[in-house]
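Take a look at the structure set out below.
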Amino acid sequence: MRRIAYVLGAAWQGFWRNPVMSIAATLTVSLMLLLFAFFIVTDRGLQAAVTALESKVELVLYLDDGAKPSDILALKARIENDPAVSRVDYITKQQALDRLRELAQRKEDFTLADIGINPLPASLEIKLANAQDTGRLAASLKDELGRGVVTDVIDNPTVVEKLLTITRVLSIGGVAVLAMMLFVALFVIVNTIRIAVHARRDEIEIMQLVGATDWFVSWPFILEGILVGTFGAIVALAVLALASGPVTSAMVGFLDILPVSLGANFVLELAAGVLAFAVLVGGFGASFSVRSQLAKGAHA
Amino acid sequence: MIRLEDVSKRYPNGTAALQDVDLTIDQGEFAFLVGSSGAGKSTLIRLLIRDELPTTGRVIVDDKDVAILRRSQIPHLRRLVGVVFQDFKLLPTKTVTENIAFALLVTGHEGHVVREETERTLALVGLSHRRGHFPRELSGGEQQRVAIARALVNRPRVLIADEPTGNLDPVTSWEIIKLLTRVQELGTTLVMATHNAEIVNALRRRVIHLDHGAVVRDEREGLYAA
């Protein structure tokens, strides 16, 4: 207990001994963590959007009202044989109209006038095992146009492709930015602790002289680094908490049509992730600079 | 207690600080290290606390070869061997009590042990009445007493003093020597490097004379100069 109390006290004193430097380091860590959190939130949101879109219909074939049921079934069977296809649904004219009515009920700004005849065509809705195969399949199905069965091939899932591209770019860009921020944060922490170690070199010399273990010499500094990380995380999480309301509503507004949910535990997971990341960066940065300083001091 | 077997120390810049030194100092003994500056006294002291490693030969303290100690064992050697320097090396922002207690705190002692041992050592060096003062408020002799107290508070078996009176006037020097003699009489092995001929000649203790890194004289009740 005595040891822990000593180390905690020394770390706390160390943090406030050079407040400007400590606060600068803390804010740098906060900035990095905010980027980290922003990156995770965006990534999670886009992934949820992609999943939602992928589970929707990916290719739609509108069918001629006069097409023979046997021809339609034959076409359906042929499409189902394609290995990239996971499922094909036959939607009749009546089912299409029912869906439209249902949608009209949910949307206030959408009213359906009473209509005598059903203008909607029957269709085949094709779900793919992999969204990336959409393009190829759509091209091959375009050959069916004009043979009396298929009137149109709707390739609406280009949205999915675009989203996939955005996610990919964001992942790579995000990782690159994050790596740079991590480097900067580590650099600042290493330097802060190095200055702290330098300022206390007499104390360290005496500690080593009277037989303090490396543990005793280095842990106050490592803890000081962890303190910088923790304070950084608290600042970042506070900013996130303040910003989360407007940001969430903006995102929900943007992804209006999609049943996107980030999960109930997402906020907790994010906070825990940010904190753990900060503690790791702080502790690792500090132990790196203490180790390099100790190696200089003692002949071991 | 201390044994040097065929010890040589050559620094990377080529300086031969010690050459073929063989030496044994028994538990409880009082030994002066004399010789001109650069004769190798400080190097010898550094070897004893493993601040330096011998180039060849073995340095044995308390039956352990210090050269093969693992890094994690060095602190135990340092607790066994207390050191006092010419420039005291006190922490200016800590009081007398805090400077002494520091050695116990950073070696992980419990609060009551820290208090009791600090009190005992303060009394031993005669500074109980100065406990709350900062080093800058003390005389040189008092500062050296604090340094001695800090070296002794962990109850080391060996006390090494590197020119402990080098910065002190003659009267104060004698007070420090009396204190060190008392410490030795209580059972601590004492090794003292010094240039103070008057003290060496008055005490008539063992004298180990180094010259250019070699032991040129080792007498039981020696004088500063042969």
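The values are calculated or read from the model by the stated rules, or taken from the named source; none is laboratory data. This one's a predicted model, so the numbers in the text were calculated from it and none came from an experiment. Glycine also receives a Cβ, built like all others from the backbone with ideal geometry; neighbour counts cover every protein chain displayed.
Which of the residues belonging to segment B:70-84 are within 9 Å of chain A (Cβ to nearest Cβ) and of a type outside the set (K, R)?
Of everything in segment B:70-84, those that are within 9 Å of chain A (Cβ to nearest Cβ) and of a type outside the set (K, R) turn out to be B:S72, B:I74, B:P75, B:H76, B:L77, B:L80, B:V81, B:G82, B:V83.
Collect the residues in segment B:100-110 that are surrounded by 14 or more Cβ atoms within 10 Å (Cβ to Cβ), touching a helix residue (DSSP H, G or I) at 6+ places or on another chain (Cβ under 6 Å) and within 9 Å of another protein chain (Cβ to nearest Cβ), keeping them in residue-number order.
Passing the criteria: B:A103, B:L104, B:L105, B:V106, B:G108.
Could you please find all residues in segment A:124-163 being at pLDDT below 75 and in contact with a Leu (Cβ under 9 Å, 6 or more places away or on another chain)?
A:A131, A:Q132, A:T134, A:D155, A:N156, A:P157, A:V159, A:V160, A:L163
Scan segment A:65-111 for residues that are basic (K, R) and either surrounded by 15 or more Cβ atoms within 10 Å (Cβ to Cβ) or over 37 Å from the mean Cα position of the chain (by Cα) (or both) and jot them down.
The answer is A:K68, A:K76, A:R78, A:K93.
Within segment A:13-32, does at least one residue satisfy the condition of being part of a loop (DSSP other than H, G, I, E, B) and away from chain B (no Cβ under 14 Å)?
Looking through segment A:13-32, at least one residue is part of a loop (DSSP other than H, G, I, E, B) and away from chain B (no Cβ under 14 Å).
Yes/no matrix, rows are residues, columns are (1) within 14 Å of chain B (Cβ to nearest Cβ); (2) of a type in the set (K, R); (3) surrounded by 14 or more Cβ atoms within 10 Å (Cβ to Cβ); (4) touching a helix residue (DSSP H, G or I) at 6+ places or on another chain (Cβ under 8 Å):
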site	(1), (2), (3), (4)
A:G174	no, no, yes, yes
A:N191	no, no, yes, yes
A:D202	yes, no, no, no
A:V210	yes, no, yes, yes
A:D214	yes, no, yes, yes
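For segment A:59-82, what are the residues that are touching a residue at least 40 places away in the same chain (Cβ under 8 Å) and under 13 Å from A:L137 (Cα atoms)?
A:L59, A:V60, A:L61, A:I79, A:D82
Is segment B:117-128 home to any residue that is within 10 Å of chain A (Cβ to nearest Cβ) and surrounded by 15 or more Cβ atoms within 10 Å (Cβ to Cβ)?
no
Would you mind telling me which numbered condition in (1) away from chain B (no Cβ under 14 Å); (2) assigned to a helix (DSSP H, G or I); (3) crowded, with 16+ Cβ neighbours inside 10 Å A:D143 fails?
(3)
Scan segment B:1-55 for residues that are out of contact with any strand residue (DSSP E or B) (no Cβ under 7 Å at 6 or more places or on another chain) and of a type in the set (A, V, I, L, M) and jot them down.
B:L53, the sole residue that qualifies.
Is it the case that some residue within segment B:164-187 is hydrophobic (A, V, I, L, M, F, W, C), at pLDDT 95 or above and outside any helix (DSSP H, G or I)?
no
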